[in-house]
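Peer 1: Attaching a single structure in structure tokens format; questions to follow.
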Amino acid sequence: MAAPSRNTCGLTERSVRERVPPLLNDLYQFTMAYAYWRAGRHQEPAVFELFFRDNPFGGGFSLFAGLHDCLLFLRSFRFSDEDVEFLRSVLPPATDPAFFQFLRGLDCSGVTVRSVPEGTVVFARVPLMEVAGPLAVVQLLETSLLCLVNYASLVCSNAARFRLAAGPRRRLLEMGLRRAQGPDGGLTASRYTHIGGFDLTSNVQAGFLFGIPVAGTMAHSYVTSFNSLEEVWPQTLAAANGDPEPVDVISLTKGWLSRVCELLGAEPEKIREGELAAFLSYAVAYPQNFLPVIDSYSVGCGLLNFCAVALTLCELGHRPVGVRLDSGDLCKQSVDVRRVFRLCSEHFSIPAFDSLIIVGTNNISEQSLAELNKKVKGVNVMVGVGTHLVTCTKQPSLGCVYKLVEVRGRPRMKISEDPEKSTVPGRKAVYRLVDMIHSLFSGVHQRLHKRRVYPHRHS
């Protein structure tokens, strides 16, 4: 079942302020800021660039994400009296008290940001953000900006890879909240996997804060909590055509179960009554949104029970949605389930069975999704992904860095014994070169204030 999106910009801004206060920072940012201030350099104009050194997941690109949160963070950046008092307690006792007054009046009104648009395909060593402003202030921003960009861009890029593996039409559901690294990790994952190409999330709070459509089915616990049909209540359901006389759904479902078992050559006495009761109870509660998990005991048994309940709903004019598979060989099971749906549709003349969906959610990785997409082409399977998506199993960090490139208009460079860690000095303009068929074939970095060599290739 899916819920509609909503616009909650104000809630989003408040959420960022609560999650990323100015004290969410490394201590050495404050000690450096004090040293700048003590030396009288805190107001010197400086420029930092944020970038990553290698494309993630062994691939050829990343998606840039986190910009919106960064801008909200900069807008709300301000130290409270309580913040300043805590800093007074952790910085060395000899720290000049006037420095704390300086911090209390600090904001980002003098900071400017140049950036590629959020969601843009980006590459290694290309500046994602350029942050310019007073030296002490832009130094203090480093850790928080990296925190906001690193995971957001990584999980967004991971989502894009899942989308590429799935193809453009298959619906993707993010359902990783319970496996995420904490509540904030779960919210960040839900938001940026949506930007990366996922259609839905199971995370209700993410739907509330960010307007992402939410969806869900049922857990195995609901199925296994039932023992018999006596637990189904109410035992009647009204037809969708408005007939006020409710129908005994237990008798109707038993009749359909016998017909389905006969069609498929199954033995009715081997059916798990508790599972049938769970499905029927859920269908009575959600006659237009019936989508149960069918492998709590076995897919074969669950499929028979689903078909019986779904055919009951169809007879009453309601429209079941489909089934969820959560274990075993999803490729084979999806094909087998679809075959049974088509057989029921043809044999019982129920066209709605042709449009039933199958949701696969068995610890799906990028590789298994690509395999599923290859083997079940033409089968309407929606995929739910959790662990491998939100934890970015193949690579735990994007490795973004925030490096000084200019002070007082003079380029600055870090030269390291490790060539990979050396930086390119100065502010830059970035150009992408495309060929006659609009395929990207190269990129160029140029000093920002030089005459543009490729004025029509700027991105």
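The values are calculated or read from the model by the stated rules, or taken from the named source; none is laboratory data. In this text, all values refer to a predicted model and were calculated from it rather than measured experimentally. Heads up, the Cβs are rebuilt from the backbone with ideal geometry, glycines too, and the neighbour counts pull from every protein chain shown.
Peer 1: Do we find that GLY384 is over 30 Å from THR188 (Cβ atoms) and of a type outside the set (A, V, I, L, M) in this structure? Working first, answer last.
Peer 2: Working: over 30 Å from THR188 (Cβ atoms): no; of a type outside the set (A, V, I, L, M): yes.
Against the criterion (over 30 Å from THR188 (Cβ atoms) and of a type outside the set (A, V, I, L, M)), GLY384 does not qualify.
Peer 1: Ok, one more. Can you tell me which residue is surrounded by the most Cβ atoms within 10 Å (Cβ to Cβ) among those in the range 261-289 that are within 38 Å of the chain's Cα centre (by Cα) and of a type in the set (Asp, Glu)?
Peer 2: Ranking the candidates gives GLU275 first.
Peer 1: Let me ask something additional. Which one of SER397, SER349, SER334 is at pLDDT 95 or above and farther than 26 Å from ARG163 by Cβ? Write out each step before concluding.
Peer 2: Details: SER397 fails: farther than 26 Å from ARG163 by Cβ; SER334 fails: farther than 26 Å from ARG163 by Cβ.
On inspection, the qualifying residue turns out to be SER349.
Peer 1: When the range 238-268 is examined, which residues are found to be assigned to a helix (DSSP H, G or I) and small (Gly, Ala, Ser)?
Peer 2: Taking the range 238-268 and keeping what is assigned to a helix (DSSP H, G or I), we get 249-264, 268.
Once the filter is applied, which keeps residues that are assigned to a helix (DSSP H, G or I) and small (Gly, Ala, Ser), the range 238-268 yields SER251, GLY255, SER258.
Peer 1: Oh, and also: Within the range 424-444, is even one residue part of a loop (DSSP other than H, G, I, E, B), free of Cβ contacts under 8 Å to residues at least 24 places away in the same chain and surrounded by 13 or more Cβ atoms within 10 Å (Cβ to Cβ)?
Peer 2: Within the range 424-444, one or more residues are part of a loop (DSSP other than H, G, I, E, B), free of Cβ contacts under 8 Å to residues at least 24 places away in the same chain and surrounded by 13 or more Cβ atoms within 10 Å (Cβ to Cβ).
Peer 1: Pick from LEU74, LEU63: which is at pLDDT 95 or above, under 22 Å from the mean Cα position of the chain (by Cα) and either surrounded by 16 or more Cβ atoms within 10 Å (Cβ to Cβ) or of a type outside the set (Phe, Trp, Tyr) (or both)?
Peer 2: On the way: LEU74 fails: under 22 Å from the mean Cα position of the chain (by Cα).
The unique qualifying residue is LEU63.
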